[in-house]
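The values are calculated or read from the model by the stated rules, or taken from the named source; none is laboratory data. Keep in mind the model is a prediction, meaning the values are calculated, not measured. Because the Cβ atoms are built from the backbone with ideal geometry, glycine has one as well, and the counts that use them run over all protein chains shown.
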Amino acid sequence: MRRFSLAIAAALTLSGVSVSAQMLPINAASADLPVAAGQASYLNLGGAVRDVVVGDPTVADVSVVNDRTLVVLGKRPGVTSLLAFGASGRALADRQIVVSEGAGVTVYRGANPSTYACGAQCTRLTGGATVP
């Protein structure tokens, strides 16, 4: 996915495509966990957690609140993986954490919104419209 810069946002706005920034909540049904740098969100699991692994702890940190709840803290923009396992070794979560610079970006192409988390590059979180 291409880097989403202010120049692209300005060009989209001038061409009739509106761009707005908003905080991105964690959607439990989504494969990605969007979180802003310096912000925290929680994730409920379907079972009791025993072990948690974060691929790159410089991007995000995860704390266990209780046996079924994790708190994800965005440290710096980027993408990393989150794995959580139950007592039997069964995988409870295998997700991608996408940390953005403070807020997400929503791009509207007509009535079709697409939401992106942007760091060194942008990752689409929701929506079906493709940004050229």
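Kindly provide the set of residues from the range 78-99 that are of a type outside the set (D, E, K, R) and either within 10 Å of the chain's Cα centre (by Cα) or farther than 17 Å from Asp32 by Cα (or both), ordered by number.
Once the filter is applied, which keeps residues that are of a type outside the set (D, E, K, R) and either within 10 Å of the chain's Cα centre (by Cα) or farther than 17 Å from Asp32 by Cα (or both), the range 78-99 yields Gly78, Val79, Thr80, Phe85, Gly86, Ala87, Ser88, Gly89, Gln96, Ile97, Val98, Val99.
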Single unsatisfied condition, Gly46 versus (1) in a strand (DSSP E or B); (2) at pLDDT 90 or above | (1)
Whichever residue in the range 100-131 is surrounded by fewer than 15 Cβ atoms within 10 Å (Cβ to Cβ) and at pLDDT 65 or above and, among such residues, is nearest to Pro34 (Cα to Cα) = Gln121
Those residues of the range 22-43 which are assigned to a strand (DSSP E or B) and modelled with pLDDT of 50 or more, in sequence order | Asp32, Leu33, Pro34, Val35, Ala36, Ala37, Ala40, Ser41, Tyr42, Leu43
